[in-house]
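Contents: one structure, followed by commentary.
The values are calculated or read from the model by the stated rules, or taken from the named source; none is laboratory data. Everything quoted here is computed from the prediction, not taken from an experiment. To get the accessible areas, we keep the full protein, side chains included, count just its heavy atoms, and leave off ligands, DNA and RNA. Shrake-Rupley method; radii C 1.70, N 1.55, O 1.52, S 1.80 Å.
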Amino acid sequence: MDSDKLSSERAVTIEKTMKKTIGITGFLLVSMIGYVAAGPFLTLHAIRSDLVDQDSDALAEHIDFPVLRRNLKEQINTQMMGKTEILKDHPLNILAMGVATQMADRFVDLLVTPDHLVQIIEGKKRLQNAPVSQEERIARKQKLFKNARTTYDSFSRFSVWIPNDQGEDIRLVFARSGLSWKLVNLIAPLDSLKM
């Protein structure tokens, strides 16, 4: 009889332990999914603060700068190649493409700074290097991403669409790596930008 009672107590203990384990596992799984789903919004909020504060070190945690630069260079090269299409059969075509690629590299290096990224996201066509006052930074922080709409492109890709004053959309593309999200692309009408 004692063995039956002992077996019954063990079964109850095992059942309680399994219920706790299942409950904790379920809670952790739901928490992880919630964190991954909220991740792009948390990253977007951090980027807004870091951009306006011009904190390059903090931005590096939320922006994959090498990938962003590569994607911007591809956009600019594609736009420039379209403009050099008239030289398609000309012997100087290769030289023109080389010069265009070097110009794109330099342009992207000038473009990918916190202040210029804010100006692009704001939809400005002429980028300036003027210092920004504290009042202007506070106003920028409130305006940046204000009218943005967001979409999940996939489980590991997220887009933010920001309308500018010219009626065009600027698209920020975020990619998930593990549990963190980073900005990897900025799709904007870059061909009309002036420095």
Checklist entry - Going from most exposed to least, what order do H116, H45, H62 have by accessible area with a 1.4 Å probe? => result H45, H62, H116
Checklist outcome for this item: Compactness summary of the stretch 1-59: radius of gyration and Dmax from Cα atoms, Å, are 23.6, 75
Checklist entry - Can you give the accessible area per residue of the stretch 104-195, in Å², using a 1.4 Å probe? => result 54 Å²
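Structure shown: which of K124/K182; K146/K182; K73/K146 lie over 25 Å apart, alpha-carbon to alpha-carbon? Don't jump to the answer; show the numbers that get you there.
Details: K124/K182 23 Å; K146/K182 20 Å; K73/K146 27 Å.
Table pairs above 25 Å Cα-Cα are K73/K146.
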